[in-house]
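Step one of this worksheet: look at the structure below.
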Amino acid sequence: MPELRRNRARLARNQQQEKQTDTPVAGNHAKTRAAVAREAKKRPRTRLEAKRLKEKEEEGDQRNSNKSKRVEEEEEEEEEEGKKVILISESDKKGKNLVVDIEEEEKVDRVKGVMADDSGGLSANKAGAQEEEGSTAPFPEKVQVGGSPIYKIERKLGKGGFGQVFVGRRANGGNERATGSGAMEVALKFEHRNSKGCNYGPPYEWQVYNTLGGSHGVPRVHYKGRQGDYYVMVMDMLGPSLWDVWNSSGQAMSSEMVACIAAESLSILEKMHSRGYVHGDVKPENFLLGQPSTSQEKKLFLVDLGLATKWKDSGTGQHVEYDQRPDMFRGTVRYASVHAHLGRTASRRDDLESLAYTLIFLHKGRLPWQGYQGDNKSFLVCKKKMATSPEMLCCFCPPPLKQFLEIVVNMKFDEEPNYSKLISLFESLIGPNPAIRPINTDGAQKFICQVGQKRGRLNIEEDDDGQPKKKVRLGVPATQWISVYNAKPPMKQRYNVLIHDLVFALQISFVLLDCSLPLLSGGNKKSYNTGYHYNVADGRLGQHVERGIADGLLISCVASSSNLWALIMDAGTNFTSQVYELSPFFLHKEWIMEQWEKNYYISSIAGSNNGSSLVVMSKGMGDQGVAVLQILAKFSFWQLKQSDALIYAGTQYTQQSYKVSDSFPFKWINKKWREGFYVTSMATAGTRWGVVMSRNAGFSDQVVELDFLYPSEGIHRRWDTGFRITSTAATFDQAALILSVPKRKPGDETQETLRTSQFPSTHVKHFDIPPLHNQCLRKSGRRTSILHVCAMGGLFLEMTN
């Protein structure tokens, strides 16, 4: 009896605590007893009612058994990985002074969008999903679209792309054993009419399924149409995703399983690519198997085509043009290619790189870049991918995975993958009996037979032409100097004389205009002389500059490395005067504004690791001087094009704006492009970026190449379309190059870049240019002028076998 009393007393205390806990507070007011009583009616009163309620919940969970539970830690990581991270998204604050407006650094206001599915899959750049879900109309109980039978909506399968997927069961008729459009159960994908994917009518995904639906590895869409506020697709019902299988297999897959997935995935992607599309979001959650206990339970499917894009033009069959938008990221952070992180146009190589990360994840259970948090997660993940060598990433993996990764990360933008060669890499890991393979590989074997490829892999160390491939992403930090040169054939002597006469006449004109011409005097015999200084400490900077000015040179380019300065001084700048400031502040605002008042404009900037900066501001001939040049250029005997007259006028900027930020400010640059500004100078100080943009810069178009290593392929593609490097800057781990199309056509002028581990003094000497000696800079009989020099520390090596 005492024990019974103690139990009753303990029960009474527990009930009293529950009453205190269950008394909810709304705002600053407690709920009334009546409200609490109404809520209490909803709770089970007896143990029997609680047991029945629990059994119903367990029954509902059992019906969703094809979606296995996630580990709590993995769920938190996956939620973070679905964030859309716009690397550069900074708000602007404007202040104006005369013809300039200054843009100061502000806190980064980053835009995020999360899209998750029940299996843990998350996709980026599917923005607005959370907001839309809360504001959309309720889903209908029954669906009938495009002449389909009536389907009753049952359990939710998850989210994918821009929509949500439910199980639909036929309300009447049908056959349990039937498949396709006659199946009893189908997948219903809903997308709200106000979602971003439906801005111009039906979802973009419909167009992709019209082309790809029913092809090898892509589920078939049987009906589609609009009902109420939703666009609805009726699709084949499939089974678990590879993420579900991985999670239920101890979060690791065997080598044979991964090899079968690799071979069949490659055959699916080959078929998709052959029809002109890249998937854009390859990951374990988007690979599904067929329904269990059916003939297709081992067949692999690729779903969620909401991010698919065309890699070739439908009309011409030509590859889409290369471009880079650093503020655009499409895909899932964990599996996206490095090129996707950097905002480059999607091509076939991106799907294959994402597939490589998917296979490594399924085999090892983890990737080195998992666990990063914060607004700059995409930047950190991309940097980690670049820094992780294939040897490190594929440690404890079978050799074919490493070989596959090395091939795909070295592919060029428009390179056609050798699918049969890639599939054959994994054949040694796949068992000989197709009937007992964990994944059906009929598609891969059929493709191999079609191309006549016999069993056995090829030598992957060479291209088809026998040349060794370049290896990148070795994961080894390296300090590099990037020097940019412009080269022209030697000018004819007669042209030199005419320029000499033109300069003499201009000197007389400028005397009348009360304007000095320090660089164009003396017959202009030294107008293309160049000098350089490097490893200059703060205290000796002034004497080097004064010595150069005494030799008729002005600063054309500045750079910094290890808190020391490098100067390029040139007699061909055509500036009339110049001022500079070495400041402990990065782009000293007050001094810059003071010089703007005197009609000086920023012509070159550099920053050091300790936060100080060197700002060079120059003055050109002015509008009157340009007018004289253009008038004289009209006379045929000068043999000078009127458009070329501006070359000799120095800086002709009419307005400038600059911005300092903690990350590369592409969004601000893009906004200023629309206002008619172009980037004319860049610099970094530690991890901070400083970008100067000017009006009347002499460019007709401009693009950015942003990378963690020297973007060789992007630069050469830009050169082929008429762009030239006009500004460079780099932090210890990221490089940015600005390429522009000059309004004045460069003619037979070519541009070259030189990468060295130190300041390129020995290379300049090879061009017969001792420091500050007034001689012409020549390389292989071509007159060469140094345009830009930039130190890039910590970049990852790019080497050739």
Check your understanding: Once amide H atoms are placed 1.01 Å from N in the peptide plane, what residues at a sequence separation of 5 or more from Gln227, or on another chain, have their amide H within under 5 Å of its amide H?
Key -> Val232
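Would you mind calculating the gained length between Thr211 and Phe396 on full extension (0.36 nm times residue separation, minus the Cα-Cα distance), in nm to one decimal?
62.6 nm
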Exercise for review: Mark the label point 7 Å from the Cα of Ser274 along Cα→Cβ and return the residues of the stretch 178-220 whose backbone N is within less than 14 Å of it.
Suggested key: 212, 215-218
Practice item. For the stretch 205-258, report the accessible area per residue in Å² (1.4 Å probe, heavy atoms, rounded to an integer). Key: 34
Review point. With the radius of gyration and the Kirkwood radius both derived from the Cα set of the stretch 167-293, what is their ratio Rg to Rh?
Key: 0.99
Practice item. For Val320, list long-range residues whose amide hydrogen, built 1.01 Å from N in the peptide plane, is under 5 Å from its own amide hydrogen. Key: Lys312, Asp313
Study note, to complete from the structure: Rounded to 0.05, the calculated FRET efficiency for the beta carbons of Lys196 and Ile436 at R₀ = 45 Å is 0.50
Point to revise | Cα-only Debye scattering, the stretch 240-448: base-10 log of I(q)/I(0) at q = 0.08, 0.14, 0.16, 0.19 Å⁻¹ | key: -0.26, -0.82, -1.09, -1.53
Revision key, fill the gap. With a 1.4 angstrom probe the carbon and sulfur portion of accessible area for the stretch 142-235, in percent, totals 43
Revision key, fill the gap. Taking 0.36 nm per residue of separation between Gln296 and Thr687 and subtracting their Cα-Cα distance, the length gained on full extension comes to 135.4 nm
Point to revise | Extension gain from Glu415 to Thr654, taking 0.36 nm per residue of separation minus the Cα-Cα distance | key: 81.7 nm
Practice item. At 7 Å along the Cα-to-beta-carbon direction for both Asn670 and Lys142, put a label point, then send me their distance in nm to one decimal. Key: 4.7
Exercise for review: Take peptides 573-580, 269-276 and line them up by average Cβ neighbours within 10 Å, highest first, as a rough protection proxy.
Suggested key: 573-580, 269-276
Point to revise | Viscosity 1.002 mPa s, 20 °C: Kirkwood-radius Stokes-Einstein D of the stretch 167-239 over Cα pairs, µm²/s | key: 164
Check your understanding: Please state the relative contact order of the stretch 357-411 as a whole percent: Cα pairs under 8 Å, 6+ residues apart?
Key -> 33
**Study point:** Within the accessible area of the stretch 240-448 (1.4 Å probe), percent carbon and sulfur
**Key:** 51
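The values are calculated or read from the model by the stated rules, or taken from the named source; none is laboratory data. This is a predicted model, so every value here is computed, not measured. All Cβ positions, glycine included, derive from the backbone under ideal geometry; neighbour counts span all protein chains shown. These area figures cover heavy atoms from the full protein model, side chains too; ligands, DNA and RNA do not enter into them. Shrake-Rupley method; radii C 1.70, N 1.55, O 1.52, S 1.80 Å.
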